[in-house]
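Student: Below is one structure. I have some questions about it.
Derivation of every value follows stated rules applied to the coordinates shown; laboratory data play no part. Remember, predicted model here, so these are calculated numbers, not experimental data. Neighbour counts run over all protein chains shown; Cβ positions are idealised from the backbone, glycine included.
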Amino acid sequence: MSEETVKGNTVVIRFAAERCIHSRHCVLDRPDVFVPNVQGEWIHPDRATPAEILEIAHNCPSGAIRCEAVDGSALERAPPVNTVRIRENGPLAVRGQITLRGQPQGYRVTLCRCGSSARKPFCDGSHARIGFTATGEPPVSDSQPLARRDGPLAIDPTRDGPLHLTGNAEIITGTGKTVNRVTDAWLCRCGRSAKKPYCDGSHKTAGFRSGDDGERTEGTP
């Protein structure tokens with residue numbers, strides 16, 4: 001995944017266009033730092049303090065924007081609670097110390113659950129184009145509080161199948177209600193499951209194709 005790296009006097013901003021879902025928090029909240037619709041340089045780290053840049057990064061749900069100090073030290077920290085937020089008629093917004101196929105991804109990713117993204121497993125906004133419908137308020141499961149709510153959170157997309165999530169995580173609704181607390185879960189990304197956000201095997205009958213030969217096949221439901 002390619003990144004645009006812009007170094008200021010105190011902060012380095014990294015922008016991954018492949019991850020961007022155009023939530024537009026950056027250009028609406030700080031149009032002086034992220035200047036839209038211009039030729040040439042459009043990211044200006046020195047127009048904000050490190051704390052303000054960090055706030056911009058935290059408000060980027062896809063993790064397309066990341067930041068660090070110029071000496072390489074971290075500004076961002078893993079959240080105290082790993083979460084998978086279910087967006088109404090939209091993607092899964094994940095926060096945690098995330099790896100994807102074993103590769104570090106920072107602390108935020110937005111993952112497709114409609115099955116139509118051209119950038120799987122990341123969301124590219126296709127849910128809006130195809131009119132995808134799926135509640136952001138699924139039924140609540142009876143679950144016990146986790147002994148630990150943070151820690152590594154691994155996401156392994158399976159070939160032509162669901163997302164396999166391992167690690168401590170709270171699955172929550174768009175309004176913040178806890179749906180489930182898990183340490184191992186299979187999450188639908190074909191858009192067809194009758195048990196969303198969980199996989200029910202519908203990807204097989206639907207002929208879902210993930211389009212990534214690097215995804216693993218074993219262990220899918």
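Student: Region 1-50 to region 128-192: how many Å between their Cα centroids?
Tutor: Each part's Cα centre sits 29 Å from the other's.
Student: Next question, about the same structure. Among all the lysines, which ones have a C-alpha under 25 Å from K195's C-alpha, if same-chain residues fewer than 8 places away are not counted?
Tutor: Qualifying lysines at Cα under 25 Å: K120, K177, K204.
Student: Report the net charge of residues surrounding R47, where surrounding means a beta-carbon distance below 13 angstrom and charges are Lys +1, Arg +1, Asp -1, Glu -1. Show your work: numbers first, answer last.
Tutor: On the way: positive: R30; negative: D29, D32, E41, D46, E52.
For residues surrounding R47, the net value is -4.
Student: Of the DSSP beta bridges with both residues in region 83-206, give the percent that are antiparallel, rounding to the nearest 5.
Tutor: On the way: 24 of 31 bridges.
Of those bridges, close to 75 percent are antiparallel.
Student: So, one more: Distance in nm between label sites at S2 and D184, each 7 Å beyond Cα in the beta-carbon direction?
Tutor: A separation of 4.0 nm, rounded to one decimal place.
Student: Something else now. What is the dipole size for region 83-206, taken about its Cα centre, with +1 at each Lys and Arg Cβ and -1 at each Asp and Glu Cβ, in debye to the nearest 20?
Tutor: Roughly 260 debye, rounded to the nearest 20.
Student: For N59 and L146, what is the calculated FRET efficiency with R₀ set at 25 Å and r taken between the beta-carbons, to the nearest 0.05?
Tutor: 0.45
Student: Would you tally the net charge around P80, using a Cβ to Cβ cut-off of less than 12 Å, leaving P80 out, and scoring K and R as +1, D and E as -1?
Tutor: Every neighbour counted, the sum reads +2.
Student: Let me know the volume per residue of the alpha-carbon convex hull for region 83-206, in Å³.
Tutor: In region 83-206, the Cα convex hull volume per residue is 96 Å³.
Student: Suppose R0 equals 41 Å; then what is the FRET efficiency for V70 and K204 from their Cβ-Cβ distance, rounded to the nearest 0.05?
Tutor: Values: r = 50 Å, r/R0 = 1.21.
Efficiency, rounded to the nearest 0.05: 0.25.
Student: Using the Cβ atoms and a cut-off under 13 Å, what net charge is assigned to the surroundings of V6, where Lys and Arg are +1 and Asp and Glu are -1?
Tutor: -1
Student: What are the extents of the Cα atoms of the chain along their three principal axes, in Å, largest first?
Tutor: 52, 40, 32
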